[in-house]
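Here the structure comes first, spelled out in structure tokens, and everything after it is commentary.
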Amino acid sequence: MSSLVSNNTPSLHMQQSATPFTRQDFGDDFLWGVTISAFQTEGAVLEDGKGLSIWDTFSARKGKIKDRSHAQIATDFYNRFLQDILLAKILGFSVFRFSIAWSRILPKGTGAINPAGIAFYHKVIDACLEVGLEPYVTLYHWDLPQALEHKGGWCHRGVIFYFEEFTRICVREYGAKVQNWIILNEPFGFTALGYMLGVHAPGKFGLSYFLPAVHHTVLAQAAAARVIREEKPDACIGTTYSCSQIIPNSDHPNDLKAARRADALFNRLFIEPALGMGYPVEDFPLLKKIGKRYALWRDWDKMAFDFDFIGIQNYFPLTVKYNAFMPILGMTEVKPHARKVPVTGLGWEVNGNGLYEILKQFAAYDKVKRIIVTEGGASFPDTLHEDGSVHDTERVSYFNEYIGAVLKARQEGIPVDGYFAWTLTDNFEWAEGYRARFGLVYVNFETQQRIIKDSGYWFKQLLTEQ
């Protein structure tokens, strides 16, 4: 391990840095975790019987990945998982959240099971348990088997039953070892970016793809949760949502209406059906088309599930204004640079208060029992210095601000019980390729050497020092 992980030490600045809170401020029951996803880290695209996913196909298309890269190797987690799990433990985390690649278990999305894929995740789970990390398993983190996309993907009703099949296999295989399950990662993200805007896999564009994909995703989310409850009644079951505080640009009635439409689309579209409230059609009437065109009469009773926790994934707030010329939405974002506010390397606004406000918003739902921040982090243009150090002071400041917002919410009685950092290592960041680095650990993608950044040492200091 010493030859693959830099033995750099934290900078003098890090050793002397002050953090406005301690681990003890959050209480002994607060969960501190780190998150990765299968496609972004594993590599081994066709090794040991794995089938292609929609992201394998999409990233091979010219012009879809900004740095023209691919994830055929990524961070080689498939071969280096022991090293990375040990890194998570060294940095002081108690939870390791990872996802299972559907096409590694079922190469065609359904039917024949791949024994090598089953064995791999047993090894990952066993390694977590051996070092004292609690595994949180995500069933779907955007990498639908390409064979199912040929059948229509999330636009096809059959995906619900295929996802139930996949879920049942996973919980039967790993349920004796895994207590905590996350059904979907950011359903709005993969439906909007992949089936409406076409900038993510599978690259579909338009409402005729987006609306059925939304509905089938809502149904699949609840169906898979019911499968887990049936197979493992004592499981702790959650699902995760991307969300942003929506801020109207002014008090003008048109801007206020635009903000309500944005909130219905970005924040309420998936959580409210899961809670038995149906789609937010009052503030986004276009959603009525789901009921008219894509829903069966019996669907309305199958969209809800009593989740044990809800995962929140918040990176930035959105300021919006009315725009009569923007089709469908009738609104546009007022970009952060125009407002001269702090941003990350991807131009996302840095605003911990946005996380605080969204925690309050989701906690206000009567049926939300418990919240975990299942992702949080920031991309900045990291520099590897000659002495083997990465002084990512902006990322440290980001975590200070955002985790401070979680503490504020928790102290006010909001049931937020955990914070999982995105992400352990730099990885393949979807359409951004490798140019967007979110990791607490720097990765040299030519050698696969891991180098702990100052932000990684910041977590280690927070989580291990008394």
For region 322-466, with +1 on Lys and Arg beta carbons and -1 on Asp and Glu, the positive-most of Ile452, His385, Val341 along the dipole:
Val341
Rounded FRET efficiency, nearest 0.05, which uses the C-beta distance separating Lys108 from Glu134 and R0 of 25 Å
0.20
Residues listed by number, region 48-84, amide nitrogen under 17 Å from Lys123 label point at 7 Å toward C-beta:
48-51, 73-84
Looking at the chain, what % of its DSSP beta bridges pair antiparallel, to the nearest 5?
20
Over the Cα atoms of region 72-221, each weighted equally, I'd like the Debye log10 I(q)/I(0) at q = 0.11, 0.15, 0.16, 0.20 Å⁻¹, rounded to two decimals.
-0.45, -0.81, -0.90, -1.23
Computed over the chain, the Cα gyration tensor eigenvalues, each multiplied by 5 and square-rooted, give semi-axes in Å (largest first) of 31, 28, 22
Ordered by number, the trypsin sites (Lys or Arg not before Pro) in region 113-169 that occupy a DSSP loop and have at most 15 other Cβ atoms within 10 Å are Lys151
Please state the charge dipole magnitude for region 384-428, taken about the Cα centre, from unit charges on C-beta atoms (+1 on K and R, -1 on D and E), reported in debye and rounded to the nearest 20.
300
Filtered hits (lysines, Cα-Cα < 24 Å from Lys62, offset >= 8 within chain) -> Lys50, Lys151, Lys204
Once both label points are put 7 Å beyond Cα along the C-beta direction, the His150-Asp48 separation in nm becomes 2.5
Near-label residues of region 361-386 by backbone N, under 15 Å of a point 7 Å along Cα→Cβ of Glu412
361-365
Loop-exposed GluC sites (Glu not before Pro) per DSSP, neighbour cap 11 Cβ within 10 angstrom, longest uninterrupted part of the chain
1-281
Given Cβ point charges of +1 (Lys, Arg) and -1 (Asp, Glu) and nothing else, what value in debye, to the nearest 20, does the dipole of the chain about its Cα centre take?
1500
Inter-label distance, nm, simple model (7 Å from Cα along the C-beta direction), His252/Asp366:
3.8
Could you go through region 358-375 in sequence order and give the Karplus-derived ³J(HN,Hα) for each residue, using 6.51 cos²θ - 1.76 cosθ + 1.60 with θ = phi - 60°, rounded to whole Hz, and x for Gly and Pro?
6, 4, 5, 4, 6, 5, 6, 5, 4, 8, 7, 7, 7, 10, 10, 7, 8, 8
Order of exposure, largest accessible area first, which applies to Arg172, Arg395, Arg298 with probe 1.4 Å:
Arg172, Arg298, Arg395
Grab the other residues whose beta carbon is less than 12 angstrom from that of Phe166, score K and R as +1, D and E as -1, and report the net.
0
Considering the zone a paramagnetic label at Gln24 would reach in this model (a point 7 Å from Cα along the Cα-to-Cβ line), which residues of region 452-466 have amide N under 18 Å from it?
460-466
How far apart, in nm, are two points set 7 Å out from the Cα along the Cα-to-Cβ line at Leu346 and at Ile90?
2.7
Taking K and R as +1 and D and E as -1, what net charge do the other residues with C-beta under 11 Å from the C-beta of Thr423 add up to?
-2
Please compare each pair in Lys66/Lys108; Lys177/Lys302; Lys89/Lys302; Lys292/Lys367 to a cut-off of 30 Å on the Cα-Cα distance and tell me which ones are over it.
Lys89/Lys302
Mean residue ellipticity at 222 nm from the helices of the chain, using -39,500 (n - 2.57) per DSSP H segment of n ≥ 4 over the full residue count, to the nearest 500 deg cm²/dmol?
-10500 deg cm²/dmol
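The values are calculated or read from the model by the stated rules, or taken from the named source; none is laboratory data. This one's a predicted model, so the numbers in the text were calculated from it and none came from an experiment. Ideal geometry is used to build each Cβ from the backbone, glycine not excepted, and the neighbour counts take in all protein chains shown. Protein only, heavy atoms only, side chains kept; ligands, DNA and RNA dropped before computing areas. Shrake-Rupley method; radii C 1.70, N 1.55, O 1.52, S 1.80 Å.
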